[in-house]
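None of the figures in this text is laboratory data; all of them are computed from the coordinates on show. This is a predicted model, so every value here is computed, not measured. Glycine also receives a Cβ, built like all others from the backbone with ideal geometry; neighbour counts cover every protein chain displayed.
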Amino acid sequence: MNKIIESIRTIPDFPKKGIMFRDVTTLFSNPIAFKQTINEICNYWENKNLTKIIGIEARGFIIGSCVSLELGLPFIPIRKKGKLPHTTIEESYELEYGKATIEIHSDALDANDNVLIIDDLIATGGTALAAISLVKRLEASISGCSFIIDLPVLEGNKKITDLGIEVQTLCEFSGH
């Protein structure tokens, strides 16, 4: 795990003062650390009877696509409102600085699906909880959620596990 942690760049005061932004683009540019990341996720979830991998825009697309290819499963994107071309369902959620909305194609999942939701980081859990809501509205099962980074002080991980959903994280950072 050290290679993964060492490959994540921290940018102080971005996007606003007091935030320590954890930048995974440096992890993506390190083939050895990125391969280890994908292997860790795949090894953890490979025997969980998954049918589809969901990636949350935008960094979840990169991670989720790689995991879906490794596991031989379809990839389903959850995108910001207005970015998907077909009929969608949407879910709004609160951000520190306002509101956001994400969408999924209305025909992307059904009751026969058991999915893994992937994103780069879990902080307050707003985006992940909105994604979970979308999946449940399409009557699919959620095997779990996987994140590279957990910011435990913000308790997003706890909010998900309190719903009875398993969470995998590869590393933790203190602070915001």
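A few comments on the model shown:
- Label sites at ILE32 and ASN112, each approximated as a point 7 angstrom past Cα along Cα to Cβ, lie 4.4 nm apart.
- DSSP beta bridges in segment 48-172 [antiparallel fraction, %, rounded to 5]: 30 percent
- Within the listed set LYS17, LYS35, LYS136, the Gaussian network model of the chain (springs between alpha-carbon atoms below 10 Å) gives the highest mean-square fluctuation for LYS17.
- Each of GLU94 and ARG9 was given a label point 7 Å from its Cα along the Cα-to-Cβ line. The distance between the two points is 3.3 nm.
- Peptide packing for 88-94, 120-126 was compared via the average number of neighbouring C-beta atoms within 10 Å per residue; ordered from the highest value, the list is 120-126, 88-94.
- Spatial separation of Cα centroids for segment 15-29 and segment 70-93, in angstrom: 24 Å
- For segment 49-69 versus segment 108-137, the inter-centroid distance based on Cα atoms is 11 Å.
- Taking a ≥ b ≥ c as the square roots of the Cα gyration tensor eigenvalues, the chain comes out oblate, since a/c reaches at least 1.5 and a/b does not exceed b/c.
- Residue pairs, from the table LYS99/LYS158; LYS16/LYS80; LYS3/LYS83; LYS99/LYS159; LYS80/LYS136; LYS83/LYS158, whose Cα atoms sit over 26 Å apart: LYS3/LYS83; LYS83/LYS158
- If R0 is 25 Å, the Cβ-Cβ spacing of LYS83 and SER133 corresponds to a FRET efficiency of close to 0.85.
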